[in-house]
Structure formats: structure tokens, C-alpha cells
Amino acid sequence: MTKWIDISQRLTNDMACWPGDTPFSFSLTYSKEQTGSVNIGQMTASLHTGTHVDAPFHYDDNGKTIDQLDINRYIGRAVVIDVSHVEKITANVLQEFDLDGVKRLLLHTSLPNNPKRFPDTMPILDPDTAPYLKEKGVILIGVDMPSVDPADSKNIETHQALYKHGINILENIMLDHVQTGTYELIALPLSIDGADGSPVRAVIRPIKESGNLYD
């Protein structure tokens, strides 16, 4: 049986976080020696730590929270494409690929996977990709970057464009070790009441193009 491939960042106390955001921290609250039976850990973190899903509430006060999202969008057939040859990903760039029938699109960009360093610059995902992806039927886009917008963006135009066109967002996936092709994806967010996002354990496994996997 084909093995699952982990494309999520491991949560570590020395991982990079968004500048100014709450860093990830894990520690033992009580040891087995203290309780006499079990170790009990605790963690603190931003909901946008590592590999994570954005909920519309992240950028729209009236948007759906993470617990209100359709989980089916995060499970199913996904296609990985390599756009590492460009620093600005536009609709014209995406037209180089056959995206007919693709519902979940994962972009391998030129940004090297390095969870312990927040990048100084990131490739640009142009807002004009949103209407094109909508036209193709894409409902989820994943990127191997901390955000679909530049770190210094205040208008977050790409977030807003994807939202307007009904496309959910998965960020900070790890694709340096992944070949292009068609996969089964599972990247479920936690059901956190009222939350603006959630870390996920994102995994994929290759499937044949002719496979009859659910959408």
C-alpha cells in the first residue's frame, strides 16, 4: 500500500513564527514522576503556527470561523505543481499547467522549506490567480509559504481575492521532498469554536491519474 507523505511542519520550540505573533511553546505541566501515572503536556501557539488553515474570519469580521468550514474541502484529490521557476505566480503562469478538473491545488514555489527561519521575502501569488482558479473549479489552494500575501501587506489582496472566489487557503506546507503529480490530501483543521485558523497535520499519498478517488 502506498505510504502517506507528511507535508506539514513539525511543531518545535525553535520554529519560526510570524513576526510579532505568539511563538510555539511545548512543555510538560506534570511529569509521570509527579502524577504517579502519566506525563501531561501543554502548549501555547498562534493558530497560524506552522502548516495551517486560514478561516475567512481571519480577514473578515463577518466571515466563517474555523469550526464552521466544510471539512470536505480539506480531504480528496489534490495536484502538486512546480512554479519555482518564477518569483511572481500569475494567472498566465498557471495557464502553463493543465488544471481541468483540479479542485485542490498545491504550489511548490521557489521558497526553500525552512521552518526555523521566517523568510525575508516570499514569491508573490498574484490576486489575478483567484478568478482563474475559480473558473477551473479549484476550491482549495495550498502554498509552501507562510502566507499567500507578502509579509508586509496590509490589504492582503490575495487573501481577499481567494475569499471572494470561494477558495480556501492552506499555508506553510512542505513540498521540497514531493514530486509533482496527483495525490490524495488530508489536511483537517481542528474544530476550535470561533477561531480564525488552525494548525493542521497535512499528509498526501500518490494516486494514479485514472484512480476513482472521491472529489
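Readers should treat all values here as calculations from the given coordinates under stated rules, not as data from a laboratory. Treat the numbers as computed from the prediction; the structure is a model and nothing was measured. For neighbour counting, all protein chains shown are included, and Cβ atoms are generated from backbone atoms with ideal geometry for every residue, glycine included.
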Exercise. If you go through region 148-189 one residue at a time, how many are part of a loop (DSSP other than H, G, I, E, B), without any contact (Cβ under 8 Å) to a residue 40 or more places away in the chain and among the polar types (S, T, N, Q)?
Worked result: 2
For this session: Identify the residue in region 47-103 that is part of a loop (DSSP other than H, G, I, E, B) and basic (Lys, Arg) and, among all such residues, is surrounded by the most Cβ atoms within 10 Å (Cβ to Cβ).
Result: 103
Exercise. Which condition does residue 36 not pass, out of (1) out of contact with any Lys or Arg (no Cβ under 6 Å at 6 or more places or on another chain); (2) touching a residue at least 40 places away in the same chain (Cβ under 8 Å), if it passes all the others?
Worked result: (2)
Problem set entry | First in region 84-101 and among the hydroxyl-bearing types (Ser, Thr, Tyr), second anywhere and assigned to a helix (DSSP H, G or I) and surrounded by 17 or more Cβ atoms within 10 Å (Cβ to Cβ), Cβ under 8 Å, 6 or more apart | 90/129
Exercise. Has region 201-211 got any residue that is assigned to a strand (DSSP E or B), within 13 Å of the chain's Cα centre (by Cα) and either more than 18 Å from residue 114 (Cα to Cα) or touching a residue at least 60 places away in the same chain (Cβ under 8 Å) (or both)?
Worked result: yes
For this session: Filter region 104-143 down to the residues that are among the hydrophobic types (A, V, I, L, M, F, W, C) and assigned to a loop (DSSP other than H, G, I, E, B), then identify the one that is surrounded by the most Cβ atoms within 10 Å (Cβ to Cβ).
Result: 138
Seminar exercise, completed: Over region 110-144, the set of residues small (Gly, Ala, Ser) and under 15 Å from the mean Cα position of the chain (by Cα) is 142
For this session: Tally the residues that are closer than 18 Å to residue 63 by Cα and of a type in the set (Gly, Ala, Ser), restricting the search to region 139-163.
Result: 1
Seminar exercise, completed: Here the residues within region 108-150 that are among the small types (Gly, Ala, Ser) and at negative phi are 110, 130, 142, 147
Seminar exercise, completed: The one condition residue 194 fails out of (1) surrounded by 18 or more Cβ atoms within 10 Å (Cβ to Cβ); (2) at positive phi is (1)
Problem set entry | Members of region 30-72 found to be farther than 11 Å from residue 199 by Cα, under 21 Å from the mean Cα position of the chain (by Cα) and among the polar types (S, T, N, Q), listed by number | 44, 65, 68, 72
